1. Out of the residues in the range 89-106 meeting the condition of being in a loop (DSSP other than H, G, I, E, B) and touching a residue at least 12 places away in the same chain (Cβ under 8 Å), tell me which one is surrounded by the fewest Cβ atoms within 10 Å (Cβ to Cβ).
2. Of all residues in the range 30-51, how many are outside any loop (DSSP other than H, G, I, E, B) and over 19 Å from residue 129 (Cβ atoms)?
3. Would you pick out the residues in the range 221-252 that are outside any helix (DSSP H, G or I) and surrounded by 12 or more Cβ atoms within 10 Å (Cβ to Cβ)?
4. Could you tell me whether residue 86 is more than 25 Å from residue 149 (Cα to Cα), modelled with pLDDT under 90 and not in a strand (DSSP E or B)?
5. Just one of 117, 113, 73, 25 is modelled with pLDDT of 90 or more, assigned to a loop (DSSP other than H, G, I, E, B) and either within 17 Å of the chain's Cα centre (by Cα) or surrounded by fewer than 19 Cβ atoms within 10 Å (Cβ to Cβ) (or both); which is it?
6. Please give the number of the condition residue 205 fails out of (1) in a helix (DSSP H, G or I); (2) at pLDDT 70 or above; (3) within 20 Å of the chain's Cα centre (by Cα).
């Protein structure tokens, strides 16, 4: 990863984020000050997730995306005390990233800069990690020049129950549909005209083949170690670690099959 997962804890009271772009009504999205392990403080976008499974998937996918130099913000694992907001009744952990001033969601602007160079590789990344939850509400846009800054929200990825489920989800790839709709080209032509698919799929396959267990273990060993140093209770990711290693093995197989499938479409 280009930089480790950051870890910190909330300082002060959390400010709930409310609005259509945050998913109205919102009881799990906050803005708050976070003290990182190096003692620096930064304002963060903070998202509470339903369980450690979704939290683990968010951290892992962000780390994987960072490894591939995609436009996904560096993740922060954040400890939150039960007194930081009235809706939080127990100590918990959340996913977050550093706050981006004046960077709205695409849903606020109402359109996607489809010509931005980050769109094809992110469409392919979504396809290969089985993320069928891409939409205007998880793409961040630069106000000044209407360029995409970041893609977020990957907690619903890697839900691979079967190969048929995988290929069904591909048909729900929102970014691919947007590219086809705005450029009026067939799916096979889209991938045939671009070397993004070859490059990114090969890179992702190499990342996974090189050792999904190693990547997962490194990801969560980092989290555990920094929490110990900070004298914070360590998150038990044992079950989530096993889940990701299992899904990673399946991911290697389906990525290989999808590379083969796209190759045949190009001929």
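1. To start, the set of residues in the range 89-106 that are in a loop (DSSP other than H, G, I, E, B) comprises 89-91, 99-104.
Those still in the list that are touching a residue at least 12 places away in the same chain (Cβ under 8 Å) too: 91, 99-100, 102-104.
Values: 91: 14, 99: 15, 100: 14, 102: 7, 103: 13, 104: 16.
Result: 102.
2. Within the range 30-51, the first condition is being outside any loop (DSSP other than H, G, I, E, B), and the residues that meet it are 30-36, 41-47.
Cutting the leftovers down to over 19 Å from residue 129 (Cβ atoms) gives us 30-36, 41-46.
Looking only at that region, the number is 13.
3. Within the range 221-252, the subset outside any helix (DSSP H, G or I) is 230-237.
Once the filter is applied, which keeps residues that are outside any helix (DSSP H, G or I) and surrounded by 12 or more Cβ atoms within 10 Å (Cβ to Cβ), the range 221-252 yields 230, 232, 234, 235, 237.
4. Yes: the conditions hold for residue 86.
5. Working: 117 fails: modelled with pLDDT of 90 or more; 113 fails: modelled with pLDDT of 90 or more; 25 fails: modelled with pLDDT of 90 or more.
Residue meeting the stated conditions: 73.
6. Failed condition: (2).
The values are calculated or read from the model by the stated rules, or taken from the named source; none is laboratory data. Keep in mind it's a predicted model, so treat the numbers as computed, not measured. Backbone-built Cβ (ideal geometry, glycine too); neighbour counts: all protein chains shown.
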